[in-house]
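Structure first, then comments.
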Amino acid sequence: MRPLLTALIALATVAYPLLVYTGMSTLEPRWMALLLAALALARAAAARSRTWLAAAAGATVLAAFAWAGNAWLPLKLYPALVNTLLLVVFGASLRWGPPVVERLARLHEPELPPAGVAYTRRVTQAWCGFFVVNGGIALATALWASDAVWAFYNGLLAYLLIGLFFGAEWLLRRRLRARLAAGSVHV
């Protein structure tokens, strides 16, 4: 039951911008605010991590502002909040280590070579840059773009960019591994 609940919460989280956009034509913002707060709290409870607890706290603050002002803007700021939170997590891991990507890499390869450690640090830095750009665009679409543009970017295009980033990094990693195995590069 727990994996199904986790999957449903994850699906609702991913679909959040589209749910908000759809709700704009039928609901008042305060009712969508309840959905945001409930979704964030459910996600935090299911994940049981400090990162998702922080996201839930931030989402609850946004939901409270949306409820109090019966306004859509606080609800549209949630994707920017998530990017900011991820930037903080990844950035803090660079400062106080080990970097997030190194931790993930060590799940598959516990004895990561020094070249792998250096590479994972650079990938973590690249993700930080991605979160700055993506979060900035999420903020800009919330503040200045139409609701349709906000929903399109945050509900579709941002996910495609994340997938593109993952794919490009995966291809680069395979290429570098092959070059390392051949002894032709030192990372």
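A short reminder: the numbers here are calculations on the coordinates, not readings from a lab. Quick caveat, the model's predicted, so the values are computed rather than measured. No Cβ is skipped: glycine too gets one built from the backbone with ideal geometry, and neighbour counts run over all protein chains shown.
List of remarks:
- Sites R106 and A182 - FRET efficiency at Förster radius 30 Å, r taken between beta-carbons, to 0.05: 0.80
- Simple spin-label estimate for W144 and V132 gives 1.9 nm between the two label positions (7 Å along the Cα-to-Cβ direction from each Cα).
- Within the shell defined by Cβ-Cβ distances under 15 Å, the residues around A71 carry a net charge of 0, with Lys and Arg each +1 and Asp and Glu each -1.
- Membrane-span-like helices in the chain (whole DSSP H runs, Cα extent of at least 30 Å along the helix axis, mean Kyte-Doolittle hydropathy of at least 0.0): 114-144, 158-182.
- If you run the Gaussian network model on the chain, springs between alpha carbon atoms under 10 Å, then out of R95, R30, R121 the most flexible one is R95.
- Debye log10 I(q)/I(0) for the chain, one point scatterer per Cα, at q = 0.11, 0.13, 0.14 Å⁻¹: -0.57, -0.75, -0.85
- Förster-model FRET efficiency, 35 Å R0, V61 and V117, C-beta, rounded to 0.05: 0.40
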